[in-house]
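Student: Before I ask anything, here is the structure I am working with.
The values are calculated or read from the model by the stated rules, or taken from the named source; none is laboratory data. Predicted model only: the values in this text are computed from it and were never measured. Cβ: placed from backbone, ideal geometry, glycine included. Neighbour counts: every protein chain shown.
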Amino acid sequence: MKNFAVDVTTRQFSKKGEDICGDAVRVVRTSDSTIIVISDGLGSGVKANVLATLTVEIAGGLFQGDLSIHEIVETLVATLPICKWRNIAYSTFCVARIYDTGQVTIAECDTPSAIHISKKRPRVVVGEECQIGDKTIRESHFRMQPGDMLLFFTDGIVYAGVGEGLPMGWQEEGILEYITERIPLCANDCACLAEAVIQQALDYWVGSPGDDGTVVCAKYREARLATVITGPPADPGDVHRMIHDFLNQRGTKIISGGTTSHLVADYLNKELQIDERFLDTDLPPTAILPGVDLVTEGILTLNRATEYLKHGLLQDKRDAATALLDLLLQADGITFIVGTARNPAHQNTGLPDSIFLRRRVVEDLADELRKLGKEIEIKYY
């Protein structure tokens with residue numbers, strides 16, 4: 001299970017008179033890193049968006065082939081078309097790879113420099129120039145610490161305010177000064193910071209942007225983990241080992257199952273209490289057990305949580321399954337500890353056979369969570 005994670009927030013606006021932003025962003029998650037690709041298409045509107053999207057999709061696809069960032073930049077430089085009239089590329093790009101270790105590599109081609117926000121004063125990332133083909137690339141290598149952020153932006157942010165009171169636009173120095181003042185107000189929240197920068201740029205444009213603008217903020221942080229234990233083990237002799245493994249997991253702890261909750265309560269020598277929040281729903285209510293973040297009924301609740309992920313939640317719907325999802329969706333990595341003993345309470349109830357199979361229900365839920373980018377581990381007992 002990963003120890004660290006990267007949050008990425010994107011905010012954009014379109015040039016006045018255009019319905020679509022001419023910039024594009026793609027985020028790719030690999031087993032050991034997060035890749036962010038940002039491209040600014042030449043011009044604005046649909047044509048610029050197509051060019052920028054082509055750039056980020058090519059780069060994103062190449063990363064799936066496990067190429068190095070240098071090889072990917074070489075391929076982009078060789079692939080992207082050049083405007084014959086202006087003799088410049090049809091799109092610029094920035095490629096950043098943040099490894100789970102905190103090591104960062106950034107390659108920038110005709111884009112504004114990124115800003116590294118650490119516990120010290122924020123600084124503009126200064127890279128070394130290298131030549132790839134006929135292009136000059138700025139390449140940077142450094143390490144982020146948990147809580148550090150990176151801020152990327154396109155020309156529409158740098159030149160915000162040109163013709164509207166700022167002769168040269170906002171410029172990187174102005175952006176750096178602004179975020180230095182703003183960070184304490186955003187409490188190190190990347191979504192807050194990205195929103196603040198994009199709104200300030202729009203203010204400088206007086207609500208009529210002369211160019212497309214994109215802000216991407218990435219935060220490197222400790223991973224949030226959750227563990228769900230459900231069902232007793234096939235061998236009753238494994239109960240203590242299974243519960244010990246559950247209680248020694250890091251992060252949020254969830255019990256799903258009536259029998260399981262009583263086993264854990266007995267192990268802890270503590271008393272279960274009914275949680276009165278969800279007494280009037282069609283699912284069994286949750287319970288309270290000191291030392292555990294959430295206790296729910298088992299198969300029905302897990303199955304309902306899966307259905308909510310597949311088909312969506314009804315507005316204002318609150319029950320044990322939504323409480324379960326509240327915790328799971330906050331986690332980056334989720335471990336399911338699954339007992340494989342047959343539950344006699346599930347016999348002859350007239351309910352669909354699919355919900356009897358705890359293993360199948362857990363795997364279905366795990367599949368839906370994987371689609372949302374969660375790292376999943378399942379342990380059977």
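Student: Can you name the residue in the stretch 203-234 that is surrounded by fewer than 22 Cβ atoms within 10 Å (Cβ to Cβ) and touching a Ser or Thr at 6+ places or on another chain (Cβ under 9 Å) and is also modelled with the lowest pLDDT among such residues?
Tutor: My answer is A234.
Student: On to the next question. Of V239, V216, which residue is β-branched (V, I, T) and over 24 Å from K371 (Cβ atoms)?
Tutor: V239
Student: Step by step: first the residues of the stretch 94-144, then only those that are among the polar types (S, T, N, Q) and at pLDDT below 90, then the one that is surrounded by the fewest Cβ atoms within 10 Å (Cβ to Cβ). Which residue is that?
Tutor: Among those that are among the polar types (S, T, N, Q) and at pLDDT below 90, it is Q131.
Student: Right, another one. Would a scan of the stretch 289-302 turn up a residue that is small (G, A, S), on the phi > 0 side of the Ramachandran plot and modelled with pLDDT of 90 or more?
Tutor: Within the stretch 289-302, one or more residues are small (G, A, S), on the phi > 0 side of the Ramachandran plot and modelled with pLDDT of 90 or more.
Student: Tell me the residue from H346, H311 that is at pLDDT below 90, on the phi < 0 side of the Ramachandran plot and assigned by TED's automatic domain parsing to the domain that holds G231, please.
Tutor: H346
Student: Would you check if L42 is within 20 Å of C130 (Cα to Cα) and either over 18 Å from the mean Cα position of the chain (by Cα) or modelled with pLDDT under 95 (or both)?
Tutor: Details: within 20 Å of C130 (Cα to Cα): no; either over 18 Å from the mean Cα position of the chain (by Cα) or modelled with pLDDT under 95 (or both): yes.
Answer is no for this residue.
Student: Is it fair to say M168 is farther than 11 Å from P112 by Cβ and touching a Cys at 6+ places or on another chain (Cβ under 8 Å)?
Tutor: Working: farther than 11 Å from P112 by Cβ: yes; touching a Cys at 6+ places or on another chain (Cβ under 8 Å): no.
In short, no.
Student: Okay, next question. Being hydroxyl-bearing (S, T, Y) and in contact with a helix residue (DSSP H, G or I) (Cβ under 8 Å, 6 or more places away or on another chain): is that true of T230 here?
Tutor: Answer is yes for this residue.
Student: Say whether the condition of being in contact with a strand residue (DSSP E or B) (Cβ under 9 Å, 6 or more places away or on another chain), farther than 30 Å from G339 by Cα and touching a residue at least 60 places away in the same chain (Cβ under 8 Å) is met by at least one residue in the stretch 222-243.
Tutor: Within the stretch 222-243, none of the residues are in contact with a strand residue (DSSP E or B) (Cβ under 9 Å, 6 or more places away or on another chain), farther than 30 Å from G339 by Cα and touching a residue at least 60 places away in the same chain (Cβ under 8 Å).
Student: Right, next: Report the residue count in the stretch 1-24 for those that are surrounded by fewer than 22 Cβ atoms within 10 Å (Cβ to Cβ), part of a strand (DSSP E or B) and among the β-branched types (V, I, T).
Tutor: Counting residues in the stretch 1-24 that are surrounded by fewer than 22 Cβ atoms within 10 Å (Cβ to Cβ), part of a strand (DSSP E or B) and among the β-branched types (V, I, T) gives 3.
Student: Next up: Output the number of the condition that D66 fails; it satisfies all remaining conditions of (1) modelled with pLDDT of 80 or more; (2) under 21 Å from the mean Cα position of the chain (by Cα); (3) not aromatic (F, W, Y).
Tutor: Failing condition for D66: (1).
Student: A follow-up question, please. Quickly run through the stretch 160-174 and pick out the residues that are over 14 Å from D212 (Cα atoms) and either among the aliphatic types (A, V, I, L, M) or in contact with a Ser or Thr (Cβ under 7 Å, 6 or more places away or on another chain) (or both).
Tutor: Within the stretch 160-174, L166, M168, E172 qualify.
Student: Related question: Is it the case that the stretch 120-127 has a residue that's farther than 19 Å from T214 by Cβ, in contact with a Ser or Thr (Cβ under 7 Å, 6 or more places away or on another chain) and among the small types (G, A, S)?
Tutor: Yes - at least one qualifying residue is present in the stretch 120-127.
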